[in-house]
1. Rounded to the nearest whole Å², what accessible area per residue is found for the chain with the 1.4 Å probe?
2. Beyond a 24 Å Cα-Cα separation, which of these cross-linked pairs lie in this structure: Lys526/Lys628; Lys214/Lys493; Lys242/Lys327?
3. Measure nothing fancy, just the Cα-based angle from helix 769-784's long axis to the longest principal axis of the chain, in degrees from 0 to 90, nearest 10.
4. Can you give the angle from 0 to 90° between the axis of helix 382-397 and the longest principal axis of the chain, with both taken from C-alpha atoms, to the nearest 10?
5. Say R0 is 35 Å: what FRET efficiency, to the nearest 0.05, do Tyr422 and Asp644 get from their beta-carbon distance?
6. Project the alpha carbons of the chain onto their principal axes and report the range along each, largest first, in whole Å.
7. Do the sum for the chain: with -39,500 (n - 2.57) for every DSSP H run of n ≥ 4, divided by all residues, what is the mean residue ellipticity at 222 nm, to the nearest 500 deg cm²/dmol?
8. Which aspartates and glutamates, if any, have their Cα less than 13 Å from the Cα of Lys525, not counting same-chain residues under 8 positions apart?
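The values are calculated or read from the model by the stated rules, or taken from the named source; none is laboratory data. Note that this is a predicted model, so its numbers are computed, not measured. With ideal geometry, Cβ positions are generated from the backbone for all residues, glycine too; neighbour counts draw on all protein chains shown. Surface accessibility is based on the protein's heavy atoms, side chains included, excluding ligands, DNA and RNA. Shrake-Rupley method; radii C 1.70, N 1.55, O 1.52, S 1.80 Å.
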Amino acid sequence: MTGGGRRTARSRTKSGPDSGDGDPSQTARPSLRRHRDRSKSGGGFLRNLDVNLKYVLGAGAVAFLVIFFMVNHLVKPAEEAKRPRVVTPFPAPKIMDLPQFQGEHRESLYWGTYRPHIYLGIRARVPRSLLAGLMWIGVTDGRYSLRHVCQDSDGLSSYGWTSHNGRDFGHQVLVDHGTVLATSFLKSKEVGSGYGGDWAVRIEVQSPKSTPDKEIWKNSHLFFYLADEDGNALDMSTDALKNRDLTLLASGTKSDIGDWQLHLKSTDDIEMHYLGFRTPHMHNLSDLVQENLGAQARKYGGLQLSDSTHHSSNVLVFQISARIPVKMDIAFVSGVGSERSRVKEHVSSLTGESLTSRLEEKQREFNNKFEKTFNLADKLDKESIVVGKAAIGNMLGGIGYFYGQSKISVPAAANLQRHNDYLSYWPAELYSAVPSRPFFPRGFLWDEGFHQLLIWRWDIRICLDILGHWLDLMNIDGWIPREQILGAEALSKVPEEFVPQHPSNGNPPTLFLVLRDLIDGMKAKKFNAAESDKISSFLESASDRLDAWFQWFNTTQSGKEKRSYYWHGRDSTTLRELNPKTLSSGLDDYPRASHPSEDERHLDLRCWILLAADCMHSIGTLLGKEDKTIKDYSATAKLLADFDYLNQMHFDAADGAYYDFGNHTEKVRLRWKEVVVGSNHATRELVRDVLERPTLRLVPHVGYVSLFPFMRRIIPTDSWILEKQLDLISNKSVLWTDYGLRSLARTSTLYMKRNTEHDPPYWRGPIWMNMNYLILSALHHYSTEDGPYRDRAKVIYDELRGNLIRNIVRNYHQTGFLWEQYDQSKGNGKGARLFTGWTSLILLIMSENYPQS
């Protein structure tokens, strides 16, 4: 993964929600009345002065127009001029303002499971939403513990969406030690529903046969809550808590959806308690619930909420306790205040047997669409298909909506008047898939390109929506922050030192992978007329932003040599890193030149720029543009694809491999050094020790970077260099394993070496699915092109594809998860688990869906 935040995504403890807010119970409701001074002295004063009222009004109007002109034409431009460029939005209409993203499309995506960091979290795609979520009490080491936010420390055996269509249906299974929870989500738009429609959640709790026969495992305690980010008071109905024949739990109103109600139905014997409180903070709701439970347990010795509520609560929590097994349906109904409201009818259709029937129908639709899209029935066994469904289900179920302001790191030399060492980006929204719900539940720019390779094949309109949100985050210089940490909930998952984004650093422009795919798909008639029109309209609207993005890379990341590039942001002064990391490349600790400098030439970035230039030329051609810019893109792509020029810059004929170039020596090591700190206290730390003066040379490390020209299909099919690439790929002493291709060759001096005392190897050996997918794609290409190495490419392709599928399927059924990376020695999952970002590309490998160019 990319960035320091990836490696150390730790939850931070913040102060309680009421700090500085005073006693919430004493908060007075604001008066809705306006008080006006009805003094009559003014009229008498004018009469006494004998002033013509018409002249006064005329002069006032002129004065108003003058002031209005000055504010808009003098003051505002001055304010804009003071705004630093790095936090100035790109000066073009927002892509998300296109008609195709309004109306029915926008409403159809209003509600969703858009809180991926929560085991079950629902919200709307608006900045200040009504939130819903599930908590429950689990048992760890014989002790009770509250579950809410996805985190490894909970120790769930497995969890994730087994099915999800990205729009109105999802089914999830969570195995928590001796308890199995199944949650289903359904969205519905009926006559009389408010904006965005209604939704329902079914929760079922079971105990496996292997569960110990102890009382602690026989009861379930679930907590379903509603919270209003706007602070609107929510009304609780206590009747349903006392009479099981009544279903209404809560009600309220939101300006966009109108009046709403929340209902609960269950045929099981359930006990209910509740808690209502007021707080502006939504990222630590589980802490507040846990505090209440703890206080109650100390007073009364039981696990139950206090049955208390604040007079203007914006958070309502309902505890549902029952013997296992238990099943319940929760229905949210909107538009209840309208003349066409059909509350009872809607609640009935979203609960009980009707909900069962509708969920079964949605599951059938999912299964049918899955087979139609990926055609796996005749290719793979049932175990593999289960993994494929989990891959797409978790990818779509992990899509989130975020709103907030990025923090942008600014060097002290910038001399900007500010109290912090960062600037705030403009308030922005992001609709995006996420790499991992427990570890990285936020947007990552280079991951998103890989995510969309899968998503566009499932739902092109969701794909375009996500791409539009990302491109709308571009600033006036064409830069997009590579990690999006928007809002308090996202911030709560990231250590403070990793929050600010650096405007000099890029990230692989993988969105061009998707755009290239879409253009090829249009040429191949993979889209219907309506879809093609929407893609063309999107590209037309996005072209200026894409051009600015390309120019940002082409200027800020350029090297000394013509059409050479290097990733900016490496630390040339480090005393503790064995090889200074290149976080902006996404490949973090992959070996580069030992001594960062402006002389570097990074092979992977060169190939990314080639992809971008070629894609921009294709977009221009598709849109019928014939200006100089399109010709420049064609010339740039042609030069970067020039085989001889590539070899001159990056090829080592003796090794038959492509390398980076830079100021480098192999004689660098980490050694223990004793240092004195404090009051003559001695300690040891690992420091970098350089034993030889570096020289400008190729950097002799074979790995993923070496294969970028192969991945981009630059190498001619009849070149002996192609044979050399196949040798490197298939050699067990270099990259080949029985589980996939390792990220760095065993022959490298930095293979599986730590980069610092605290940084284990990351891209120095383990197997990563995104790079294996691109390599497989190239193998597939060369296995279908005429040439002397066609048959060999096919053999390697078949074996590599089989190895990847077998290992991912085996790991999933053994552990219950897809993983961030896989061990190169035994194939076991490593790093973050429930990593359903680019590891989900295994589904495209199963279905043999690869880019055409």
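1. Numbers: 36740 Å² over 853 residues.
With all protein chains present, the chain gives 43 Å² per residue.
2. Lys526/Lys628; Lys214/Lys493, as the Cα separations exceed 24 Å there.
3. With both axes taken from Cα atoms, the answer is about 50 degrees.
4. With both axes taken from Cα atoms, the answer is about 60 degrees.
5. On the way: r = 46 Å, r/R0 = 1.30.
In this case the efficiency is close to 0.15.
6. 91, 90, 75
7. On the way: 23 runs with 285 residues, N = 853.
Mean residue ellipticity, 222 nm, calculated: -10500 deg cm²/dmol.
8. Asp517, Asp533
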